1. Out of curiosity, is residue 84 surrounded by fewer than 18 Cβ atoms within 10 Å (Cβ to Cβ) and free of Cβ contacts under 8 Å to residues at least 60 places away in the same chain?
2. Would you mind telling me which numbered condition in (1) open to solvent by less than 20 Å² (accessible area, probe 1.4 Å); (2) within 15 Å of residue 2 (Cβ to Cβ); (3) in contact with a Phe, Trp or Tyr (Cβ under 9 Å, 6 or more places away or on another chain) residue 26 fails?
3. Hey, could you check segment 42-66 for residues that are over 20 Å from residue 102 (Cα atoms) and either in contact (Cβ under 8 Å) with a residue 40 or more places away in the chain or of a type in the set (D, E, K, R) (or both) and say which is surrounded by the fewest Cβ atoms within 10 Å (Cβ to Cβ)?
4. Taking segment 1-23, which residues are within 12 Å of residue 96 (Cα to Cα), in contact with a Leu (Cβ under 8 Å, 6 or more places away or on another chain) and open to solvent by 50 Å² or more (accessible area, probe 1.4 Å)?
5. In segment 104-123, which residues are of a type in the set (A, V, I, L, M), open to solvent by less than 30 Å² (accessible area, probe 1.4 Å) and either assigned to a loop (DSSP other than H, G, I, E, B) or touching a Phe, Trp or Tyr at 6+ places or on another chain (Cβ under 9 Å) (or both)?
Amino acid sequence: QVQLVESGGGLVQAGGSLRLSCAVSGGTFTYLAMGWFRQAPGKEREFVGGISVRGGRTYYGDTVKGRFTISSDNAKNTAYLQMNSLKPEDTGVYLCAAVSGVVSINGTDYDYWGQGTQVTVSS
């Protein structure tokens, strides 16, 4: 059973940075595609980005392109979401997800989810 544990959320001022981590256990990390999503109150879950762990190819949602960077450390079985130039509209619960396949913008395509970590960006 694959388990995901996010960490690194918190409160930051607009323009600041945070790095989220998603530690993966119970599976073969390099077979996975990892996705990052966020959920803000009253809004639909949004695809932030993803990474195909084996090849390292990354994908980003339009609202975060150029500000967020996704990476992975295969030795640590961990995916990262580096968030720079944060804006108040980036506030939400950030979740990582995994699937044995390809990165998808649809959350329903993922089999495993972390518990989420809160990111709050103050203006």
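1. No, not satisfied.
2. Only one criterion is unmet by residue 26, namely (1).
3. Applying the filter and picking the extreme gives 44.
4. Result: 7, single match.
5. Hit for segment 104-123 is 119, nothing else.
The values are calculated or read from the model by the stated rules, or taken from the named source; none is laboratory data. Computed from a prediction, not measured in an experiment: that's the story for all the values here. No Cβ is skipped: glycine too gets one built from the backbone with ideal geometry, and neighbour counts run over all protein chains shown. Heavy atoms of the whole protein, side chains included, go into the accessibility calculation; ligands, DNA and RNA do not. Shrake-Rupley method; radii C 1.70, N 1.55, O 1.52, S 1.80 Å.
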